Amino acid sequence: MTIRELIPWKRTPLYLAPQAGVSESPFRRLCRAFGADVVVSEFVSAEGICQGNERTLEYLRFDEAERPIGVQIFGADPQRMAEAAAFVHETFGPDFIDINFGCPVKKVVKRNGGSGCLRDLELVARIIRAVAAATPIPTTVKVRSGFDQATRDPVRIGLVCEEAGAEAICLHPRTRTDMYSGQARWEEIAALKQAVSIPVIGNGDIRSGEDALRMRTETGCDGIMIARGSHGDPWIFREARAALDGQPLPTEPDVEERFEVCLDHARKTIAFERDSRRAVLEFRKHLGWYTKGLPSGRDLRQELFEVTSIEEMQERLAGYLDRYRAGELRGMESGSEHRAAAAVRM
Ligand SMILES: Cc1cc2nc3c(=O)[nH]c(=O)nc-3n(C[C@H](O)[C@H](O)[C@H](O)COP(=O)(O)O)c2cc1C
């Protein structure tokens, strides 16, 4: 099946972005339920896959409910990337393979992986060709606009990827040197869309449904990918869908719904991970995000960061809800622009 057949491009599909330590199977399922049309695994090392590293292979597990799902791999050796893609396809059966050419992390870039590849577009082409030839499923790519300002040329990068056999391209229009600073240059997504004929997925700085609609209007992109905007806020997909479809925007979740979804997410995470204590510890970042902006949120987080089981988590959240309903909690966290704050104000 080609990527054009696999993904509902007509509706401007919403992608949950690949995110190390965040876009794991439980969160991917949650976001699918809230309206994400496509999900992508966090980036997985081709070397780790080829070596059969146990922890690496854990990242590849997914649930049928997540489809269509892409598994994202990274590495700088075309042959190893091809071997890894073939193994992932045969063993786990995702719908497509996505290649990471965007990761800015030093450890990865040093070995020419992720955005490191963008310094050598011939290498980018060889990796794509090797991966595309290794499996019958589509190969897609996720890129930044360049390695640094001097090599910034998203259109050229896109043309190279398309020519080498990428069936879709996602652009996060910042360079590796930019990391996350400044604003994503959406005009580069528009330029890429004009230049290539494969679907273009726009990414960068989507924080609301309105942003999603604006990105589509300003760039003409075929799909929209959301990363940080989904943290503690899987509802963003519901809102983005409504905005794209010209429907009234759904109301923000209230504190009760927020906690219900948070607990559902935590339960799914614990069920998915083999070590439940570790699962709870790793869930702390999500607890931080789900409670951001709430009245006395800092105190609540302090309580939540001490929990080691789902029962304790449940107790602390229930205790907070009692105090909240009794009107004992006042004032939003200062400086918070998180959407939870708006929900509580209503
Ligand atoms: C915690 C975190 C982990 C990420 N991990 C990955 C990854 O594994 N692969 C990847 O291609 N991008 C990764 N990214 C980048 C995002 O997919 C996305 O391109 C970037 O955050 C910009 O989108 P946003 O403005 O919606 O956050 C990560 C981003 C964050 C915040």
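A Förster radius of 51 Å combined with the Cβ-Cβ distance from E58 to A150 puts the calculated FRET efficiency at roughly 0.85. Placing R0 at 30 angstrom, the Cβ-Cβ distance between R67 and E260 gives a FRET efficiency of 0.75 after rounding to 0.05. Counting only GluC sites (Glu not before Pro) that are in a DSSP loop and have at most 14 other C-beta atoms within 10 Å, tell me the longest site-free stretch of the chain. In the chain, the maximal stretch lacking such sites is 1-305.
Loop-located trypsin sites (Lys or Arg not before Pro) in region 185-282 (DSSP state other than H, G, I, E, B) with a sparse environment of at most 12 neighbouring Cβ atoms within 10 Å: R274. Enclosing the Cα atoms of region 33-111 in their convex hull gives a volume equal to 100 cubic angstrom per residue. The count of lysine pairs in the chain with alpha-carbon distances below 30 Å, taking only pairs 8 or more places apart or on different chains, stands at 16. Sorting S45, S197, S230 from the fewest to the most surrounding beta carbons within 10 angstrom yields S197, S45, S230. What FRET efficiency comes out for D275 versus K10 if R0 is 45 angstrom and r is the Cβ-Cβ distance? Round to the nearest 0.05. Once rounded, the FRET efficiency stands at 0.60. Which angle between 0 and 90 degrees, to the nearest 10, do you get for helix 186-195 versus the longest principal axis of the chain when only C-alpha atoms count? Around 30 degrees separate the two axes. Once each of the chymotrypsin sites (Phe, Trp or Tyr not before Pro) sitting in a DSSP loop with at most 13 other beta-carbon atoms within 10 Å is removed, the chain keeps 1-179 as its longest stretch. Take every pair of alpha-carbon atoms less than 8 Å apart whose residues are at least six positions apart; their mean separation over the length of the chain yields a relative contact order of 13 percent.
Once fully extended, how much extra length lies between E210 and Q79, figured as 0.36 nm per residue of separation less the alpha-carbon to alpha-carbon distance? Write down the numbers at each step before the final one.
Working: separation 131, 0.36 × 131 = 47.16 nm, distance 4.24 nm.
My answer for the length gained is 42.9 nm.
All of the numbers you see were taken from the coordinates with simple rules; none came from a lab. As the structure is a computational prediction, the values presented were derived from the model and not from experiment. Neighbour counts are summed over all protein chains in view; Cβ atoms, including those assigned to glycine, are modelled from backbone coordinates with ideal geometry.
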